[in-house]
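Notes to accompany the following structure.
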Number of protein chains: 2
Amino acid sequence: MARQGRSKSNGAQRRDRSEEVVKAAIKVFNEKGYASASIQDVADAVGVLKGSLYHYIESKEELLSRIFEASDRESFALMEESRKLDVSAVERLHWFARAWSLWYLENIERAAIYVNEWKHLTGARLKAVVKTRHEYEERVAEMIEAVKESGEASATLDVRYACYFILTAVNGLPTWYRRRGPDPAEQIAEVYADMIVAMVCHT
Amino acid sequence: MARQGRSKSNGAQRRDRSEEVVKAAIKVFNEKGYASASIQDVADAVGVLKGSLYHYIESKEELLSRIFEASDRESFALMEESRKLDVSAVERLHWFARAWSLWYLENIERAAIYVNEWKHLTGARLKAVVKTRHEYEERVAEMIEAVKESGEASATLDVRYACYFILTAVNGLPTWYRRRGPDPAEQIAEVYADMIVAMVCHT
C-alpha cells in the first residue's frame, strides 16, 4: 500500500510505525534469538532512538506478544476459511494442510519465533498463548476426526497422535527451510499436504 | 549394575561418578534450560561441592557435549541394528522408526536437550554435532529411498521432504510427551512407526 504522505492521519502514521517496529523485532529476534536481543537492537533496526520505541511498545515481551497475536490471528483465519469450503473432509484437510504449511514457509522468520520463543512469555501472555495453541490443536484434531468419520481413514486411526505428528512436522519447517532453497514454497506446501493426507488416510 | 564397594577400582569409581554427573546435568538442563543452568546447580544435584565437579568435567559446555555424544552413539547403534536385519526395505523402515521413537520416549529429557539446546555448543563441538546430524539425516533418507526402490512407495515420492517430515515429527516428541500419559511408550512408538510407513508408502 502506497504511503499517503502528509494527507495521512496521525493515527494511520502511528499504526504504520507500530507495524514497522514489529517487523524489525521479527528480524532481530530471529537473528539473535529473543533472549539475547535487546530493545536497543530493535531501535537500531528501525533507525530510531530507543526512547522513541516506547511510544509504540511497553517492553520487549510486549513485542514478542504482538508477534504471537498476529500469527494466531492469521492461522485461525486459515482455519476458518477451511471450514467454510464446500468440500469433503479429506479435501478440507488437504486444503488446510497446504495453506497452513504455506503460511509457515512464507512467514518463516515469524514461524521460527512462534515455535521457539513462546517460553519467554510470562503470566497472562503465556497463558493466552498456551490456551490458543490448545484450541488450535483441538481444531486440527476435529479435522482429522472428520476424515475418520467420513470413512476415508481407518477406524483405528489414533487421532491424538496423528494430530501431534502433523503439528510437530509443520512446526519443524523453520528448522530446515531456507528461502533460497531449490523449490518454491507452493510446491513444498503441496508435498506436505500430500504427506499429511497420506498419513491420515493410510495408517 | 550393583556397586562393588571397596573392591571397585579407582578408574571404575571415577567412571561411575562421571556418569552420575552427566545424569544430574540432564536433569538440571532439562528443568532450567541450558542457558539458565549453572555448574553450581549440577553440583547441587549431585550433592558435591562445585570444585569437585571439575575433576570430571572442564565446563558446562563439555557437559552438554557429553550428553550429545551419548545420544548420538545410541541412535547410531539403532541405525546399525536396523541395517543388519534380514527384512524388506519397508520392514526395516518400520523397525527403525519404532526403535528410534521409543529411544526418544524412553530418554525424553535427554531427547529434549538434544533437540533444543544444540545451538549452545560452539566451535569444533558445534561442527561435530551438525555433521553427525547431517549423516543421520542422510541415512534416514537412504532408508526411505530403499523403500522407493523396492516399489513399496510411489516413484514420485520426494525423499528429501519425506525425510524432513519424519525427522521433525520424531524430534517433536519432547514437545508433547509426558511420562505419566495414558499410553505406554511402546504403544506410541508403534503408532509413530505405522504413521511414518503409511506416509512413505502412500504419498
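Ignore the peptide's own chain and count Cβ atoms of other chains within 10 Å of each Cβ in A:193-201; give me the average, rounded.
Working: counts 0, 8, 12, 3, 3, 10, 11, 4, 2.
For this peptide, the per-residue mean of nearby foreign Cβ atoms is 6.
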message: Under the convention of a label 7 Å out along Cα→Cβ, give the distances in nm from B:His55 to the same position in every other copy, shortest first.
response: 6.3
statement: Taking Cα atoms only, helix B:60-84 is inclined relative to the longest principal axis of chain B by an angle, in degrees rounded to 10, of 40
field: Binned Cα-Cα distance frequencies in chain B - 10 Å width, integer %
entry: 8, 30, 31, 21, 9, 2, 0
task: Determine the shielding of peptide B:167-179 by partner chains: average, over its residues, the number of Cβ atoms on other chains within 10 angstrom of each Cβ.
output: 5
message: With an 8 Å Cα cut-off and a minimum separation of 6 or more residues, compute the relative contact order for the range B:79-203 in percent.
response: 44
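Give me the number: length gained by fully extending A:Gln13 to A:Phe76, i.e. 0.36 nm times residue separation minus the C-alpha to C-alpha distance, one decimal in nm.
Working: separation 63, 0.36 × 63 = 22.68 nm, distance 2.73 nm.
That works out to 19.9 nm of additional length.
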statement: Here the relative contact order (percent) of the range A:1-57, from C-alpha pairs under 8 Å and at least 6 apart, is 33
Proximal aspartates and glutamates to B:Lys8, defined as alpha-carbon separation beneath 15 angstrom and excluding residues fewer than eight positions away on the same chain: B:Asp16
query: Reachable aspartates and glutamates from B:Lys23, Cα under 17 Å, same-chain residues fewer than 8 places away excluded?
result: B:Glu31, B:Asp41, B:Asp44, B:Glu58, B:Glu61, B:Glu62, B:Glu69, B:Asp72, B:Glu74, B:Glu106, B:Glu109, B:Glu117
- prompt: How big is the protein assembly as shown in terms of Cα radius of gyration and Dmax, in angstroms?
  reply: 23.8, 88
task: Along Cα-to-Cβ, 7 Å out, sits the label point; list in nm, shortest first, how far the one on A:Glu137 is from those in the other copies.
output: 2.7
- request: For B:Gln40 paired with A:Trp176, estimate the spin-label separation in nm (one decimal), with each label point 7 Å from Cα along the Cα-to-Cβ line.
  value: 4.2
query: Pairing the Cα long axis of helix A:159-171 with the longest principal axis of chain A, what angle in degrees results, from 0 to 90 and rounded to the nearest 10?
result: 40
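In a shell of Cβ-Cβ distance under 15 Å around A:Leu167, excluding A:Leu167 itself, what net charge do Lys and Arg (+1) and Asp and Glu (-1) give? Working shown, then result.
Details: positive: A:Arg133, A:Arg139, A:Arg160; negative: A:Asp72, A:Glu135, A:Glu137, A:Glu138, A:Glu142, A:Glu145, A:Asp158.
Around A:Leu167, the surrounding residues sum to -4.
Over 21 Å between Cα atoms, which of A:Lys131/B:Lys27; A:Lys27/A:Lys50; A:Lys27/A:Lys127 qualify? Mind dumping the intermediate values first?
Details: A:Lys131/B:Lys27 27 Å; A:Lys27/A:Lys50 17 Å; A:Lys27/A:Lys127 25 Å.
Long pairs (Cα-Cα over 21 Å): A:Lys131/B:Lys27; A:Lys27/A:Lys127.
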- request: Sequence neighbours fewer than 8 away in the same chain don't count; with that in mind, list the lysines whose C-alpha is under 21 Å from B:Lys84.
  value: B:Lys148
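Where Lys and Arg each count +1 and Asp and Glu each count -1, what net charge lies around B:Asp194 among other residues with Cβ under 11 Å from its Cβ?
On the way: positive: B:Arg98; negative: A:Asp158, B:Glu190.
Summing Lys and Arg as +1 and Asp and Glu as -1 gives -1.
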message: Rounded to whole Å, give me the distance from the Cα center of the range B:17-72 to that of the range B:132-203.
response: 31
task: Using only Cα atoms, tell me the angle between helix A:10-32 and the longest principal axis of chain A; keep it within 0 to 90° and round to the nearest 10.
output: 70
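Taking each residue of A:153-160 in turn, how many C-beta atoms of other protein chains fall within 10 Å of its C-beta, and what is the average? Each step should come with its number before you reach the end.
Working: counts 0, 2, 0, 2, 4, 7, 0, 6.
Averaged over the peptide's residues, the number is 3.
Readers should treat all values here as calculations from the given coordinates under stated rules, not as data from a laboratory. Predicted model, so just to flag it, every value in this text is computed and none were measured. Here the Cβ is made from the backbone with ideal geometry for all residues, glycine too, and neighbour counts use every protein chain on show.
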